[in-house]
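Colleague: Here's a structure for you.
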Amino acid sequence: MLSLDKQNEWRERYRIMHPDWQPATELYANLVRQQLTPAARVLDIGCGRGGLVEQLNHPLAQVVGIDPDWQSLREHRLNLTSAVAFSDDLPFAPESFDVAFASWVLEHLARPFLTFQSVARVLKPGGVFVFITPNGRHPLALLNQTMGKLGALQGKIVAGLYGRSADDTFATHYRANSQAALEKLAAQSGLHLAQLHTIPDPTYLAFNRPLFRLMTLVEDALPASRKIHLVGVLVKREK
């Protein structure tokens, strides 16, 4: 089993080997913080039981979370205002938020245009949507798409390999997981892709030292457009 703690140990080894490297999650958190002002109204899309919102030190009265899983909201580690909802039909008035962010959500969207359209509707003009998601062009994403054909068995395999509950493993579609797809979705929904970063990470198959070394070679050899993580900033166009 490859636990998150073990993955993070491998990430620290990779950082020693690549001193300029920054994990995608760190870049993502920093990009969200850069967008926050003291009065910003914030939407956490797919908030689950916690996550980035726990690291922001932003007034909780100005943060709202949504997630389709009621049990996750019930078990949230903060006293967060939240709603059971899907990202493609956000239950908020137009122009309600200054900042929205989504951690590991875009890859699960079967109809991503509806989500982008809904996010654009609830953002104020000039508001931002920050995301982190896998790169659909990475070899592991292609493997995951193939495994997705296994249905429920995929969840059991992932749970066994990474120590997660199978209930926390969701279907992936990768329909908003490339620069071309993101630019098209942004243009269709009144958003602009202001930043897109591709970040390597060799730890997902690092079950032992030889596999870590192999995946490091793979990640270092891949062109920038195919690195495993995408971190981006979308901006709502001004009226």
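Values quoted throughout were computed directly from the atomic coordinates according to the rules given, and no laboratory measurement underlies them. Computed from a prediction, not measured in an experiment: that's the story for all the values here. Positions of Cβ are backbone-derived with ideal geometry, glycine not excepted, and every protein chain shown enters the neighbour counts.
Colleague: Using a Debye calculation, one point per C-alpha and no hydration shell, please list log10 I(q)/I(0) for the stretch 4-236 at q = 0.09, 0.15, 0.17 Å⁻¹ in order.
Modeller: -0.37, -1.09, -1.39
Colleague: Tell me, in nm to one decimal, what length is gained between residue 5 and residue 33 on full extension, where the rule is 0.36 nm per residue of separation less the Cα-Cα distance?
Modeller: Between residue 5 and residue 33, full extension yields an extra 7.6 nm.
Colleague: Measuring from label point to label point, each 7 Å out along Cα→Cβ, what is the residue 113 to residue 96 span in nm?
Modeller: Going from the residue 113 label point to the residue 96 one covers 2.4 nm.
Colleague: Also: Please give the contour-minus-distance gain from residue 205 to residue 121: 0.36 nm per residue of separation, less the Cα-Cα distance, rounded to one decimal in nm. Please list the in-between numbers first.
Modeller: Numbers: separation 84, 0.36 × 84 = 30.24 nm, distance 3.88 nm.
Between residue 205 and residue 121, full extension yields 26.4 nm more.
Colleague: Sequence gap of 8 or more, or different chains, plus Cα separation below 30 Å: how many lysine pairs satisfy both in the stretch 4-236?
Modeller: Lysine pairs meeting both conditions in the stretch 4-236 amount to 11.
Colleague: Let me ask something else. Among the GluC sites (Glu not before Pro) in the stretch 73-131, which ones are in a DSSP loop with at most 12 other Cβ atoms within 10 Å of the Cβ? Mind listing them? Before the final figure, lay out each step's value.
Modeller: Working: sites: 75, 95, 107; in loops: 75, 95.
Answer by residue number: 75.
Colleague: Sticking with this one: Given a Förster distance of 30 Å, report the FRET efficiency between residue 70 and residue 195 from their Cβ-Cβ distance, rounded to the nearest 0.05.
Modeller: 0.35
Colleague: Could you work out the local net charge near residue 10, counting Lys and Arg as +1, Asp and Glu as -1, over the other residues with Cβ closer than 12 Å to its Cβ?
Modeller: Once positives and negatives cancel, what remains is +1.
Colleague: About its Cα centre, what dipole magnitude does the chain give when the only charges are +1 on Lys and Arg Cβ and -1 on Asp and Glu Cβ, stated in debye to the nearest 20?
Modeller: Here the size comes out at about 380 debye.
Colleague: Contact order normalised by length for the stretch 4-236, with contacts defined as Cα pairs under 8 Å and 6 or more residues apart; what percent is it?
Modeller: Working: 421 pairs, mean separation 50.3, N = 233.
Relative contact order comes out at 22 percent.
Colleague: If you wrap the stretch 1-58's Cα atoms in a convex hull and average its projection over all directions, what's the area in nm²?
Modeller: The Cα convex hull of the stretch 1-58, projected and averaged over all directions, gives 5.4 nm².
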